Structures are given as structure tokens and as C-alpha cells.
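As C-alpha cells, the structure follows; a few thoughts come after it.
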Amino acid sequence: MDLDLSGHRVIVTAGASGIGRAIVQAFLDDGAIVATCDIDDAALATLPEGVFRQKVDVGDSTALRGFLDMAMAHLGGLDCLVNNAGIAGPTARVEDIDLTAWHQCIDICLTSQFIACAACTDALRDSANASIINLSSVAGRVGFRLRTPYAAAKWGVIGLTKSLAIELGPDDIRVNAILPGLVAGDRQRRVLEAKAQSQGRSVAEVEAQAFSFTSIRHYVEPGQIADQIVYLASRRGSSVSGQAISVCGDTQMLA
Ligand code: NAD
């Protein structure tokens with residue numbers, strides 16, 4: 001499918017590794033120009049030449065705004081913002097979660113997206129094909145036992161997305177959320193290990209249970225998630241807004 005994204009100006013947060021890196025690469029493959037930030041300096045340095053990059057903790061609102069301003073100046077405007085940054089947060093019973101861990105998870109997973117959307121809206125109004133794509137999670141639709149801050153933040157991402165789609169629709173800015181589930185990579189392994197340990201079960205048991213709730217019985221590759229995002233940013237996706245799109249084959253897997 002020709003997505004015609006040559007010259008499309010894109011910002012991806014946390015693009016140095018994992019799903020974010022796959023998103024950066026997918027946009028580059030389709031001819032877009034890309035800016036990204038990440039907390040990991042060493043990983044940023046390994047991105048392809050030509051990607052505008054800066055070390056930023058998205059939990060630091062001043063640093064995040066500063067990066068976005070610089071990135072938009074570098075790109076000469078903005079057509080697509082991908083709010084990808086997110087952390088797993090604590091895996092614990094609700095009474096054992098301290099307030100600092102709660103705030104850190106909400107700040108990085110949700111507040112950073114609010115800040116970036118607000119900072120980029122003016123530039124997006126001047127684009128001929130503007131969109132915002134927010135990374136949520138299936139946990140944001142069905143909840144996630146022992147991962148309350150994460151599920152609450154990702155649920156909030158869906159609310160942010162739907163509200164902004166309504167607010168910004170008259171300005172021709174589309175806003176959608178992508179909901180990954182079981183994704184191949186280190187993060188998934190860490191999450192399964194933490195869950196297994198907190199429940200006194202083996203990783204294999206936790207993994208088998210998770211897959212028993214999905215219709216796609218394999219890990220989804222980061223590149224497959226990136227494909228959906230690039231499509232949504234393209235003209236081929238221009239009739240889609242306000243949607244929370246699962247990319248794991250089911251909505252019940254974390255039940
Ligand atoms: P990841 O843990 O692999 O991290 C990706 C990148 O984020 C890394 O380069 C890391 O350095 C960067 N990062 C972490 N904290 C940061 C911060 N405070 N500021 C800037 N950069 C920071 O994550 P991932 O698995 O690629 O997930 C990407 C998005 O997809 C997240 O929003 C995540 O919640 C969501 N998601 C992932 C999965 C999964 O299984 N991997 C499932 C559902 C949703």
C-alpha cells in the first residue's frame with residue numbers, strides 16, 4: 001500500500017528502543033522526517049542518521065516542552081505527533097503502592113501525553129494531514145490486576161484521545177489511540193516475570209493464561225504495531241478519529 005508519507009513531519013516520544021524505535025523506522029521507511037526524544041542517551045545515538053534526537057525525560061514537563069519546540073522548529077512544522085513514552089509502573093497490591101510510584105507512572109504514561117498534545121496543537125492546525133496517535137494499552141480497556149497505576153493511566157489515555165478527537169475534529173486534527181497487548185521484547189518479559197513473582201506462579205503459567213484470552217496466539221512484533229500507526233497517520237487512515245484500536249486480537253486478555 002502506498003501511504004505517501006514523503007516529507008511528513010513526525011515527532012515520536014521515546015523512540016530510541018522498543019515500539020518507539022519501530023515507529024521511527026516505519027515512518028522513515030515511508031519517507032517521513034522524524035524527531036524523537038528518549039531518556040536513554042546511548043540508544044538514541046544508535047538511531048539512523050537524519051533523525052533529530054534529544055535526551056529528555058518526558059516526566060519533566062519543562063524539558064518535554066523544550067524538546068517539542070525545538071523539534072517542530074527543526075521539522076519546519078508538524079503533521080503527526082506519536083505519544084509513545086510509557087513505563088510499566090509498580091506491580092503490587094493497591095495498599096502497597098506508594099504515592100511516588102503512582103505519580104511517576106501517571107506523569108510518564110498520561111500527563112506527558114496531555115502536555116505534548118497541548119504543545120503541538122497550534123502547529124498541527126497548519127498541517128494538511130494532521131494526526132495525534134497516543135499509545136495506550138489493552139490494560140486501559142479491561143484493567144490489569146496488580147498494575148493499577150498503569151491501567152488507570154492507560155485508561156486515561158483513551159479518555160484524553162476521545163475528548164481531543166471531538167475538540168480538534170473541527171480543526172481537521174485526527175486523534176486515535178493504539179492499544180498493544182502481548183508484544184515481543186524485553187518489556188513484556190519483565191512484566192510477565194514481575195507478575196509471576198507477585199502471584200507465586202511460573203512465568204510459563206502466567207504467559208499461557210495471557211494467551212488463553214487472545215485470539216492472536218503469538219506475540220505481536222513492534223513493527224506490526226508501527227504499521228498501524230503509520231497507516232493512521234497517512235491519508236489512507238484519514239477517516240479514522242476518536243478510536244481506541246487494539247492490536248492484540250482481543251480485549252479480554254488481561255481479565
Ligand atoms: P519500553 O519499556 O521498551 O521503552 C521504550 C523506550 O522508552 C526506551 O527507549 C526507554 O528508554 C524510553 N523511556 C522510558 N522512560 C522514559 C522517560 N521517562 N522519558 C523518555 N523516554 C523514556 O516500552 P515499549 O514496550 O516499547 O512500549 C512503548 C509504549 O507501548 C508504552 O507507552 C507502553 O506502555 C505501550 N505498551 C507496550 C506493551 C508491551 O508489551 N511492550 C503493551 C501495551 C502497551
task = Output the residues belonging to the range 142-170 that are buried (at least 20 other Cβ atoms within 10 Å of the Cβ) and modelled with pLDDT under 95.
result = Phe144, Arg147
ask   = If you take the residues of the range 185-204 that are surrounded by 15 or more Cβ atoms within 10 Å (Cβ to Cβ) and among the aliphatic types (A, V, I, L, M), which of them is modelled with the highest pLDDT?
value = Ala196
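Please count how many residues of the range 115-140 are near the ligand (Cβ under 8 Å from one of its atoms) and surrounded by fewer than 18 Cβ atoms within 10 Å (Cβ to Cβ).
Of all residues in the range 115-140, those near the ligand (Cβ under 8 Å from one of its atoms) come to 135-139.
Narrowing the set further to residues that are surrounded by fewer than 18 Cβ atoms within 10 Å (Cβ to Cβ) leaves none.
Matching residues across the range 115-140 total 0.
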task = Take the range 49-104 and flag every residue that is within 14 Å of the ligand (Cβ to nearest atom), small (Gly, Ala, Ser) and over 23 Å from Tyr150 (Cα atoms).
result = Gly66, Ala71
note = Residue pairs qualifying under the 7 Å Cβ cut-off, at least six apart or on distinct chains, with the first in the range 76-97 being more than 16 Å from Ala194 (Cβ to Cβ) and the second being more than 10 Å from the ligand (Cβ to nearest atom) and part of a loop (DSSP other than H, G, I, E, B), are Gly77/Asp126; Gly77/Ser127; Leu78/Ser127; Asp79/His8; Asp79/Ser127; Asp79/Asn129; Cys80/His8
ask   = Looking at this structure, is Val175 surrounded by 19 or more Cβ atoms within 10 Å (Cβ to Cβ), among the hydrophobic types (A, V, I, L, M, F, W, C) and under 30 Å from Ala101 (Cβ atoms)?
value = yes
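Give the residues of the range 84-114 that are part of a helix (DSSP H, G or I) and crowded, with 18+ Cβ neighbours inside 10 Å, sorted by residue number. Walk me through how you get there before you give the answer.
Within the range 84-114, the first condition is being part of a helix (DSSP H, G or I), and the residues that meet it are 94-96, 99-114.
Cys105, Ile106, Asp107, Ile108, Cys109, Leu110, Thr111, Ser112, Gln113 - these are the residues of the range 84-114 that are part of a helix (DSSP H, G or I) and crowded, with 18+ Cβ neighbours inside 10 Å.
When you go through Gly185, Gly181 one by one, which is the residue that is within 16 Å of the ligand (Cβ to nearest atom), more than 22 Å from Arg93 (Cβ to Cβ) and in contact with a Cys (Cβ under 9 Å, 6 or more places away or on another chain)?
Details: Gly185 fails: in contact with a Cys (Cβ under 9 Å, 6 or more places away or on another chain).
Just one listed residue meets the conditions, Gly181.
Taking the criterion of being farther than 20 Å from Cys248 by Cβ, of a type in the set (A, V, I, L, M) and assigned to a loop (DSSP other than H, G, I, E, B), would at least one residue in the range 132-145 satisfy it?
Kept after step one, since they are farther than 20 Å from Cys248 by Cβ, are these residues of the range 132-145: 132.
Cutting the leftovers down to of a type in the set (A, V, I, L, M) gives us 132.
The next check asks that each one be assigned to a loop (DSSP other than H, G, I, E, B); those that pass are none.
Scanning the range 132-145 turns up no residue that is farther than 20 Å from Cys248 by Cβ, of a type in the set (A, V, I, L, M) and assigned to a loop (DSSP other than H, G, I, E, B).
The values are calculated or read from the model by the stated rules, or taken from the named source; none is laboratory data. Everything quoted here is computed from the prediction, not taken from an experiment. Because the Cβ atoms are built from the backbone with ideal geometry, glycine has one as well, and the counts that use them run over all protein chains shown.
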